[in-house]
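Quick notes on the structure that follows.
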Amino acid sequence: MIDIQIFLSQTSLRFPLGLMLPDAGLITQTQVTVALRDQIQYCDLKLGEILALRGWIKQETADFFAEKLRFFCKEESKHLFGFYLEEANLLSPEQINSILIEQNQTMLRFGTLAVLKGYLKQDTVDFFIRYLFPEHRLDSPWIN
């Protein structure tokens, strides 16, 4: 299997959405297969557009993974975790605010709270940590 982190950091090419989105827990491999079949009939549409038209992801989410993620992986200075999730249109500003307020009370990490609140799947949090914050992938769910 190709290491997405190495690929994203060492090339300007785009890594296929059909590999990244299932890895992030945002769609299934079956949905990718259906969308690829659709693409045969609608060859003028990109895979992300088909997935969005089918209602499986938001167009902004597809655009984030197709166009922005590789640049964020290359950045030396990182933004806060919630920034990337908002950029990918996976969390709203209100959801981020809610997590930050609760984080101050519980001392749980941002991603842990996003999963506990039902905003994100654990696979999605793990994907973002793995590729944007790999140095934190073994951290406890609690803030030290």
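The values are calculated or read from the model by the stated rules, or taken from the named source; none is laboratory data. These numbers come from a predicted model, not from an experiment. Cβ sites come from the backbone with ideal geometry, for glycine too, and all protein chains shown count toward neighbours. Side chains are part of the model used for accessible areas, which takes the heavy atoms of the whole protein and leaves out ligands, DNA and RNA. Shrake-Rupley method; radii C 1.70, N 1.55, O 1.52, S 1.80 Å.
Cα gyration tensor of segment 82-144, axes a ≥ b ≥ c as square roots of the eigenvalues: rounded (a/c below 1.5), prolate (a/b > b/c) or oblate? Taking the square roots of the gyration eigenvalues as a ≥ b ≥ c, segment 82-144 is oblate.
Taking each pair of different alpha-carbon atoms in the chain once, compute 1/r for the pair, average those values, and report the inverse of that mean as the Kirkwood hydrodynamic radius in Å to one decimal. Each step should come with its number before you reach the end.
Details: mean 1/r = 0.0624 Å⁻¹.
Taking every pair of different Cα atoms in the chain, averaging 1/r and inverting gives 16.0 Å.
Grab the DSSP H runs of the chain that are 4 residues or longer, score each as -39,500 (n - 2.57), total them, divide by all residues and round the 222 nm result to the nearest 500 deg cm²/dmol.
On the way: 10 runs with 84 residues, N = 144.
Helices in the chain give a 222 nm mean residue ellipticity of -16000 deg cm²/dmol.
Proximity of backbone amide H atoms, modeled 1.01 Å from N, is registered between residue 108 and 143 at under 5 Å, excluding neighbours fewer than 5 places apart on the same chain. Longest stretch of the chain clear of exposed loop sites (GluC sites (Glu not before Pro), DSSP loop, at most 15 other Cβ atoms within 10 Å, sites excluded): 1-74. A 1.4 Å probe run over the protein chains yields, for the chain, 59 Å² of accessible area per residue, whole-number rounding. The slack between residue 77 and residue 121, meaning 0.36 nm per residue of separation minus the straight C-alpha distance, is 13.3 nm. Taking all protein chains as shown and a probe of 1.4 angstrom, residue 143 keeps an accessible surface of around 60 Å². How many angstrom lie between the Cα centre of segment 95-144 and the Cα centre of segment 23-62? That distance is 27 Å.
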